[in-house]
1. Projected onto the charge dipole of the chain (+1 at Lys/Arg Cβ, -1 at Asp/Glu Cβ, origin at the Cα centre), which of 74, 197, 48 gives the Cα projection farthest towards the positive end?
2. May I have the extent of the alpha carbons of the chain along their three principal axes, as whole Å values ordered from largest to smallest?
3. Starting from the coordinates of the alpha-carbon atoms of the range 186-265, obtain the Kirkwood hydrodynamic radius over all distinct pairs and give the value in Å to one decimal.
4. So for the pair residue 99, residue 115, with labels modelled 7 Å out along Cα→Cβ, what separation do we get in nm?
5. Using the alpha-carbon atoms, what tilt in degrees (0 to 90, nearest 10) does helix 95-110 show relative to the longest principal axis of the chain?
6. Estimate the FRET efficiency between residue 16 and residue 260 by the formula 1/(1 + (r/R0)^6), using the beta-carbon distance for r and 25 Å for R0, to the nearest 0.05.
7. What dipole magnitude, in Debye to the nearest 20, does the chain give about its Cα centre under +1 on Lys/Arg Cβ and -1 on Asp/Glu Cβ?
Amino acid sequence: MLVWSRTGRALTWAFALLLFAVLYGLPIGVIALASISGQWNGVLPSHMTLEHYVNALQGDSLEQLHVSLWTGFVASAVALVSGTWAALALRPLARLPKRLLDVVFFIPSAVPSVSVGLGLLVAFSRPPLLLNGTTLIVLIAHFVLISAFTYGNVSAGLARLPIEFEQVAESLGARPFYRLRRVTLPLVTPYLIAAFSLSFALSMGELGATVMVYPPGWVTMPVGIFALSDRGAIFDAAALTMVLAISTSIVLVGLSHIPTRASPR
């Protein structure tokens, strides 16, 4: 419902800010304080230190950051290519079959990630596809979980693209691949960037399926955070959480500043 009065708008904004502070700001603030705490026996922590960040940026923790970034980029890139291909292929279909195939693509997002990990663990634990204990099974798990969101973003962009642009290019003699490369993809580039960004963020924070299938030499940051908190090293886990959030945010901000040829037109 729209609020027209100045007092009503002020109250609405105040309530929204309070809700945001309680649901988002408070948990993030607690994690940030815990990451620089030496002790926390009272209402506020004491003995502030940066030692936990030093630990988070060296040794196994630094390796986990590299693993998470590499996994996120590779899985998101593959999901972007396959999702874009699927969205382009299903675009000309009639409404009913397209809706049915949409449901098929979105099934992985409706299944708990732990179930996806268990399914992959059972499916690829015996020859001829023995992937158990390999890096590839982690990449497959991330791809399965993020591919639906990539497909959805690209499909939404294609649905908003006026068909007249491609028809004009076709009438001028442009071949299908040329139209795809010079007309369709440049116009949906903002959606491609958004799809990759969302996929990358989801991959960086994925835990349920990863903890089921990861090999000992390929530990992502969420798995490392879970292991630290399980051992009671809450402050180190909090510092690793902040490093994960900051590194993900840096990548997302960088992606948001990628120029697109469609934007200035």
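1. So the residue furthest toward the plus end is 197.
2. 73, 68, 32
3. When all Cα pairs of the range 186-265 are included, the Kirkwood radius is 14.5 Å.
4. 2.3
5. With rounding to tens, the tilt is 10 degrees.
6. For residue 16 and residue 260, the calculated efficiency is 0.20.
7. That gives the chain a dipole magnitude of about 1200 debye.
Readers should treat all values here as calculations from the given coordinates under stated rules, not as data from a laboratory. Predicted model only: the values in this text are computed from it and were never measured. A quick note on method: Cβ atoms are made from the backbone with ideal geometry, for glycine too, and the neighbour counts reach across all protein chains shown.
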